[in-house]
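Below you'll find the structure, written out as structure tokens, and then a few comments.
The values are calculated or read from the model by the stated rules, or taken from the named source; none is laboratory data. Here the structure is a predicted model, which means the values were calculated and not measured. Cβ placement follows ideal geometry from the backbone for every residue including glycine, while neighbour counts extend to all protein chains displayed.
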Amino acid sequence: MRYFKVLFIALSLQANAQDPVYTNTHQSLIALNPSFAGSNGLLRYQSTTRSQWFNLSGTYLTYYNSIDAYIKPIKGGIALTYVRDDQARGTLVTDRIDLTYAQHFNLFDEKLKIIPSVQVSYFKKTIDNTKLTFGDQIDPRRGFVGSTSDLPAKQSKSNVDLSAGLVVNYKHFYIGSSVFHISQPDEGIYGPSKLPYRISAFTSYNLFLGENVLINALFRFEKQFSITTANFNINALFAKHLMVSVGSVNNNAINTLIGYRHNYFSISGGYEFGINSINRNSGSFEICASFNLRNKDDRKTVKDMERW
């Protein structure tokens, strides 16, 4: 029976290997594309806490933190990212650290920018066997009487990873693509299991309506293994400080966001809910915060959302 348990868990882990995807892309730019490292021109910190399907029995929490900076002498950007993904209240936890370098090539008086990037990562995946229960632990009369004592309390797997990205920016238009997990590292705890690569592509445009109003349209496509995600969002900044957003996810969910932006920081909250019969009772929310230290001239005017 011990081998049955191990096989069952291993298959479950392999079937559910998927990266977390954030709704508020402008507060998780390095996760959208590593080439955004240094895109605000100086120093930036971004964080996102995402609760996925919080009204179901299991809790899926993701904590995203990144800090990036533009290094003027080398015309490059660097970023350090930490992500903690907690599935089913600590049953399966993944800790990940990413180190990113993006080289900024400025052409035609900086109207055109071509930014390739490379990202090296280290991750550790841990499973808590004490939180698992199986059918052979249940007695028809006395309930749960067995234990998982035949398995270690916790088991883990760590490895390194490699990803790359590219962003092309012409004036207020952006287009980019990235490939995560190029090396497809082994993440299997009970046996070999390759982390499937993830292909990401996006395009966005920033439209200025006066000095303090900005409308941003963004389309994003993600594919990992057999899972595809297509997002279209309209993001807006009113009176230089009020942030609102609405969008669709795979034509079966709606996401909304509202927040406040200061010259140096921002805070926002978003909610995503299903609109069809299958996912109508599920929902997810995100709480985002950021700190931005920009050049003095950049603080005076509204810039592209990708440059804030």
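Numbers at a glance
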quantity	calculated
Residue within region 90-110 that is under 18 Å from S177 (Cα atoms) and hydroxyl-bearing (S, T, Y) present	yes
Selection from region 18-71 of residues that are over 23 Å from S245 (Cβ atoms), touching a residue at least 60 places away in the same chain (Cβ under 8 Å) and surrounded by fewer than 24 Cβ atoms within 10 Å (Cβ to Cβ)	Q18, G41, L42, L43, L56
Pair list, Cβ < 7 Å and 6+ apart or interchain, from region 94-112 residues that are within 15 Å of G41 (Cβ to Cβ) and surrounded by fewer than 13 Cβ atoms within 10 Å (Cβ to Cβ) to residues that are among the aliphatic types (A, V, I, L, M) and at pLDDT below 95	none
Residue among G269, G259 that is crowded, with 20+ Cβ neighbours inside 10 Å and at pLDDT 95 or above	G259
Residues of region 72-93 satisfying the condition of being part of a strand (DSSP E or B) and either in contact (Cβ under 8 Å) with a residue 24 or more places away in the chain or surrounded by 17 or more Cβ atoms within 10 Å (Cβ to Cβ) (or both)	G76, G77, I78, A79, T81, V83, D85, D86, Q87, L92, V93
